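Peer 1: Handing you this structure, nothing more for now.
The values are calculated or read from the model by the stated rules, or taken from the named source; none is laboratory data. All values reported here derive from a predicted model rather than from experimental measurement. Quick reminder, even Gly has a Cβ in these numbers, built from the backbone with ideal geometry, and neighbours come from all protein chains shown. These accessible areas exclude ligands, DNA and RNA; they are computed on the full protein's heavy atoms, side chains included. Shrake-Rupley method; radii C 1.70, N 1.55, O 1.52, S 1.80 Å.
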Amino acid sequence: MTNPVRLRTALATALAALIVTACGGHTANKQDVIARGNAICAAAQRELLVTPSPAGGETSLPGLAAYLSAVTPILRREVSNLQALPRPAADRALLDQYLLAVARSGTTYRALAVAARRGDQGDVNQALAQLQANPASSLAARYGLNQCAGAAGTAVPR
């Protein structure tokens, strides 16, 4: 019969060796970031597609508030996951600009949700205007994050 401690130690050592070999010291490059970023945005889009539209349409503040309560966690997770992407040297400044714009859109979505819950149409309109002016979509397209850009993107309203 084998010693359970030795077996666990051997398995842990083998797993560590496998991880080091699999990683191989690979540093993420721009294509890696694009692939990961597109996957993050595509996953968020799939979640948003199954979220029912605001009850009463887009003009109903209570309906908008309920909708934003459902989608804000999805958007928060998307922003967090995008912020965690590696920052390779190639086009780093552009990626940093995009991630800053995404973070701002996340903050604006939270303000929009608060304004809708309060029934404050003026603040809702202001937040919507800020989201429309946010450059995240165009920055995503310029970097190559096509799943995060334009009508497909989730960081700015469609």
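Peer 1: Checking the condition in a loop (DSSP other than H, G, I, E, B), open to solvent by 70 Å² or more (accessible area, probe 1.4 Å) and free of Cβ contacts under 8 Å to residues at least 60 places away in the same chain, which residue from 87, 110, 104 passes?
Peer 2: Every option except 87 fails the conditions.
Peer 1: Now a separate question. Can you tell which of 70, 42, 66, 93 is modelled with pLDDT of 95 or more, of a type in the set (Gly, Ala, Ser), in a helix (DSSP H, G or I) and more than 12 Å from the chain's Cα centre (by Cα)?
Peer 2: 93
Peer 1: Quick check on this structure: which one of 125, 81 is under 26 Å from residue 38 (Cα atoms) and either in contact with a Lys or Arg (Cβ under 8 Å, 6 or more places away or on another chain) or among the polar types (S, T, N, Q) (or both)?
Peer 2: Unique residue meeting the criteria: 81.
Peer 1: Can you tell me which residue in the range 40-63 is most open to solvent (accessible area, probe 1.4 Å), limited to those that are among the hydroxyl-bearing types (Ser, Thr, Tyr) and either under 13 Å from residue 148 (Cα atoms) or free of Cβ contacts under 8 Å to residues at least 12 places away in the same chain (or both)?
Peer 2: Per the criteria, the residue is 59.
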